[in-house]
1. Accessible area per residue of the stretch 99-169 at 1.4 Å probe, in Å²?
2. Looking at the chain only, what percent of DSSP beta bridges run antiparallel? Nearest 5 please.
3. In degrees, nearest 10, range 0 to 90: what is the angle between the Cα axis of helix 124-136 and the longest Cα principal axis of the chain?
4. Consider just the alpha-carbon atoms of the stretch 532-594 and return their Rg together with their Dmax, both in angstrom.
5. Once the whole set of protein chains is in place, how much accessible area is left on Met425, using a 1.4 Å probe, in Å² to the nearest 10?
6. Can you check what the net charge comes to around Glu147, using other residues whose Cβ is under 9 Å from the Cβ of Glu147 (Lys, Arg +1; Asp, Glu -1)?
7. At 7 Å along the Cα-to-beta-carbon direction for both Val382 and Gln523, put a label point, then send me their distance in nm to one decimal.
8. Give, in nm to one decimal, the length gained when the segment between Thr453 and Glu248 is fully stretched (0.36 nm per residue of separation minus the Cα-Cα distance).
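The values are calculated or read from the model by the stated rules, or taken from the named source; none is laboratory data. Every value quoted in this text rests on a predicted model; they were computed, and no experiment measured them. Cβ: placed from backbone, ideal geometry, glycine included. Neighbour counts: every protein chain shown. Heavy atoms of the whole protein, side chains included, go into the accessibility calculation; ligands, DNA and RNA do not. Shrake-Rupley method; radii C 1.70, N 1.55, O 1.52, S 1.80 Å.
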Amino acid sequence: MSSAIGIDLGTTNSCVAVMEAGSPKIIVTSEGERTTPSVVAFTKAGERLVGSMAKRQAAVNAGRTISSVKRHMGTDWHTAIDGHDYKAPEISAMILRKLKQDAENYLGHPVTEAVITVPAYFNDIQRQATKDAGRIAGLNVLRIINEPTSAALAYGLDHGAAQKIMVFDLGGGTFDVSIIEIGDNIIEVLATCGDNHLGGDDFDERVVNWIIQSAKQMYHFDPSKDPSALERVKEAAEQAKKELSNLEQAHINLPFLGMNKGDPVHLDLTLSRAKFNELTRDLVERTAGPVQTALSDAGIAASELQKVLLVGGSTRIPAVQEKVQQLTGIVPSKNINPDECVAQGAAIQAGVLSKGTAVVASSATDVLLLDVTPLSLSIETVGGVATRLVDRNTTLPVHYAQIFSTAAPYQTSVEIHVVQGERPMAKDNQTIGKFKLKGIKRAPAGVPQIEVTFDIDTNGILTVSAKDLDTGKAQSITISANGKMSDEEIERAIHEAEQYASQDGIRSQAIEALGKANSLLSQTERALGVVSKQISRQEKKQVKQDCSHLRKVISKTSLDKISQEQLDTLNQAMQIVEQSGANVRQLFDQMNPS
């Protein structure tokens, strides 16, 4: 049996869910958490850490810890570590593989299929980069769906009454707003708009800068000059931001942050909510434009909305909630979990699309999901003009063809330059790719008929083809943007990911073994304290000695550096205590029957 999973691949945190008994269920991680920090680290010993373990050691390993990689998807960003050049899809794949493994541990069987969410405003290159990351992680990506649409799907499963809703999605790194109509088992996106560089990271950065300036003024110390100190400041800033969602003040205490003229610097600051709002006011204001554009593109007024759903952890900021209410006149709904609903919606869609998943009859199986393309698609024509072929907010999938001709006499080839964006000139938009159509029959300018076809699939991924209708010569686009990984790079990354899988497996086994060892040690020592007078001195001495050895092994077992040999040593020490302490625990149970 196989199960398709739904994954919210977030900037700050990621989440995975699966359909069970007709409902989406969040899968708890091996660390016992419902979300996974989107953080990857490389230790100096050459090990790779993902999630909570990577985040915990960031302050002491800042230069080899990577976070917020989602902001680099579809760009030429890369980072060199230990002589290896990692691109954004490779780092994202490490996070996806961790989520995949957690799902497999929970389900008890391999997982090979997934639906992955992306910001609605992701362009074609960013969507393709996300698919590449899934492929590297060993996943067949059934569908790429927009995060706000996924949230609406999770909401619409239980609230199928006809209504128009706004999904206001402010995550760790991106902002999207979508106007969605729910009714008659159809979830249709009417319009979407957003900002790929607005999110919780930006709010954190404002607090980080305030702390740095305060440290310079009060302590004559600059934390930004010390990578470890800066990482501690970033952690404190994020924590302060979270506290200010519920409290009027946040206390920032960072002892031994650094040294100033031989004296230790102990940073002690108080940040008020009022000051935080002042620092971030322009960021909150930036959400207004996309909201108004989305409403305008959908052709509705804010008064026609029945509900506003808040998605993404950054919507917990009180000033953001106040802004949403001001813009829409509606008190935002809080009856969905902003951290989990996107993964839940993805799981619903995965359950529908996966042939191998047994989905219990529910409204999820009947829902038709109609998404839109977030940005207009054009080709460059004479004078550098972006001639639009597909308008933004066109319902997916899309098939559109248009006839063009040559601009110069007797041309035998034309370059097709495809761009994405809303600007009138091609150079001001995002280049999706370029390709040449060769073999055009020689003729005066304007005579050849060249059919350019745009096909956008349900993932929002574009294929462009051009055909000379006279000669039949045809050519399709090859995305040539710098962020696109080649097939060879993807295959290499897949191979490396598989190599790490065994190490990840050992770590999972170690987590389980440590839990059992601590429990066994606690039970045995407790029983020994109660029944010590009923056993021989020799037996008591042996059990104490074995418990002491197990405690020592546990203390030396580090999940960050676990090897198969260390795991075997832990299991052996545990087995010895199980045997030598069996009589002690049995006597205790007899004296304390449940």
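1. Details: 1750 Å² over 71 residues.
Value returned for the stretch 99-169: 25 Å² of accessible area per residue.
2. Numbers: 81 of 101 bridges.
Within the chain, antiparallel bridges account for around 80 percent of the total.
3. That helix lies at roughly 40 degrees to the long axis.
4. 14.2, 42
5. 60
6. Working: positive: none; negative: Asp8, Asp169, Asp176.
That sum, taken over residues with Cβ under 9 Å, equals -3.
7. According to this spin-label approximation, the distance is 8.5 nm.
8. Details: separation 205, 0.36 × 205 = 73.80 nm, distance 5.61 nm.
Length gained between Thr453 and Glu248: 68.2 nm.
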